[in-house]
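Notes for the one structure printed next.
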Amino acid sequence: MKCHNCEEEKLSKEFPHEHLTDKCKKHPLLHCLRCVTKSVRVHQKCSECGVEVTKDNKQFKQYIETLEFLFPTVADGEDAIQAESLSPTGNNSESEIIVTTLTGECISVEYNPSQTIENLKDMIFKLLETPAVNNCLLYNGTELKVREDHDQQLKRLKDYDVQPNSIIYLLVLLYEVPEDFDDVKFNLSWEYPNRGIEFLDASVFLYKGSKVLEIVDFRNKNSKAGKAPAVKHSGDVRNDDERKCHQTIDVSMKSLPSSVDRLAFTLSAFTSPDISKFRNLSLQFYDARCPRKQLCDDKMDEVASSQAVVMCFLTKTNKKWRVVSVKHPSRGNVLDYGPLKDTIASIVQREKGIERSKISLFFDWFSL
């Protein structure tokens, strides 16, 4: 993920998940923790909006703690931070390439111009656990193919003139929706924590471009856009005797208004600070005709410490709907969707940062 201030590629965890002040909530979180904390120390201002922020600000102190946890050599002092310049992966080698995802996760790979694209995809699978068949690698607007059409010769990095220290974009497409596809289900279930009764919430954000048209959740159970509700929420389906609960979101693709071009599926904790305390958490996202075929990765281990998660997008491009993997941690919940909106906005902003030709190329590339 690229910081819009220092313009360096960073890991997603090197960005704040909460705003410094309520006034800062008008903008997405696009500056990295280093840039934000430096602005507060030097100028006593938010680096993005210029709102006055003092050093005793609670969020500023949490930013410093996060940096100290991520980089133990970083202290609360400008000299200490300036003394060390880290690459996105902590590797300052002059002979590497950076592979970065839509959500900012990135890895470094030793540069070898003779490396095959097939081998690079296998390495990415081992490091990021994204199946090679679902991966599209893009460099300077060109797809890095394993083989050219009707050619059995394996392609190599040098065939695409990939240079040292280059950035290669990794896009992960989970599923392309067939034209006769209509009903998709997003089912969230969990068992209550050992003490008390606490809730999780499945929500879906309907977008037109970058504008949120509406949010469907346990309070707003039916979408209002269109002639008939295209998105329906079950509300809480509780079984207090067994200490279980679930929520289901039904989406009728054919009933969605033509103006809707993106659905963002999220889950969040209602009162708990994170989702890790919920037992037997299960997430199913599937075509109603084929419930056993998951359309979204349901592993939660790496995001369990977050209050909310943006799980995936249903995105329409060139009149085709596709499921795009996201699984990005966030703050926010049904009581305050602001942080979740900001997280989604930052992901979409990053998507736009990859030239439109790259995105179009990717979507043209993949078909079932």
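The values are calculated or read from the model by the stated rules, or taken from the named source; none is laboratory data. Computed from a predicted model, the values in this text were never measured in an experiment. So basically every Cβ, Gly included, is an ideal-geometry build from the backbone, and we count neighbours across all protein chains shown.
Quick notes on this structure:
- The strands (runs of 3 or more DSSP E) falling completely within the stretch 177-293 that include 2 or more residues that are touching a residue at least 60 places away in the same chain (Cβ under 8 Å), of a type outside the set (D, E, K, R) and farther than 30 Å from residue 27 by Cβ map to 183-191, 244-252, 279-287.
- Candidates 287, 217: the one that is surrounded by 17 or more Cβ atoms within 10 Å (Cβ to Cβ), touching a Ser or Thr at 6+ places or on another chain (Cβ under 9 Å) and of a type in the set (Asp, Glu) is 217.
- Residue in the stretch 260-271 that is among the polar types (S, T, N, Q) and more than 17 Å from residue 189 (Cα to Cα) present: no
- Selection from the stretch 338-364 of residues that are modelled with pLDDT under 55 and acidic (Asp, Glu): 355, 364
- Residues of the stretch 31-45 satisfying the condition of being closer than 20 Å to residue 342 by Cα and in contact with a Lys or Arg (Cβ under 8 Å, 6 or more places away or on another chain): 32
- Test: residue in the stretch 182-196 that is farther than 27 Å from residue 272 by Cβ and among the acidic types (Asp, Glu): yes
- In the set (1) modelled with pLDDT of 85 or more; (2) over 14 Å from the mean Cα position of the chain (by Cα), residue 286 fails one condition alone, (1).
- Filter result for residue 200 (in contact with a strand residue (DSSP E or B) (Cβ under 7 Å, 6 or more places away or on another chain), at pLDDT 90 or above, crowded, with 20+ Cβ neighbours inside 10 Å and more than 24 Å from residue 101 (Cβ to Cβ)): yes
- Condition check for residue 124: modelled with pLDDT of 80 or more, under 30 Å from residue 42 (Cβ atoms) and either crowded, with 17+ Cβ neighbours inside 10 Å or not hydrophobic (A, V, I, L, M, F, W, C) (or both): no
- Those helices (runs of 4 or more DSSP H) lying entirely in the stretch 1-91 with at least 3 residues at pLDDT 75 or above: 33-43, 58-70
- Residue selected from the stretch 327-337 under the condition touching a strand residue (DSSP E or B) at 6+ places or on another chain (Cβ under 9 Å), surrounded by fewer than 23 Cβ atoms within 10 Å (Cβ to Cβ) and in a strand (DSSP E or B), by the criterion modelled with the highest pLDDT: 329
Conditions tested, residue by residue: (1) under 17 Å from residue 199 (Cα atoms); (2) within 20 Å of the chain's Cα centre (by Cα).
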{"position": "218", "(1), (2)": "yes, no"}
{"position": "229", "(1), (2)": "no, no"}
{"position": "240", "(1), (2)": "yes, no"}
{"position": "257", "(1), (2)": "no, no"}
{"position": "268", "(1), (2)": "yes, yes"}
{"position": "271", "(1), (2)": "yes, no"}
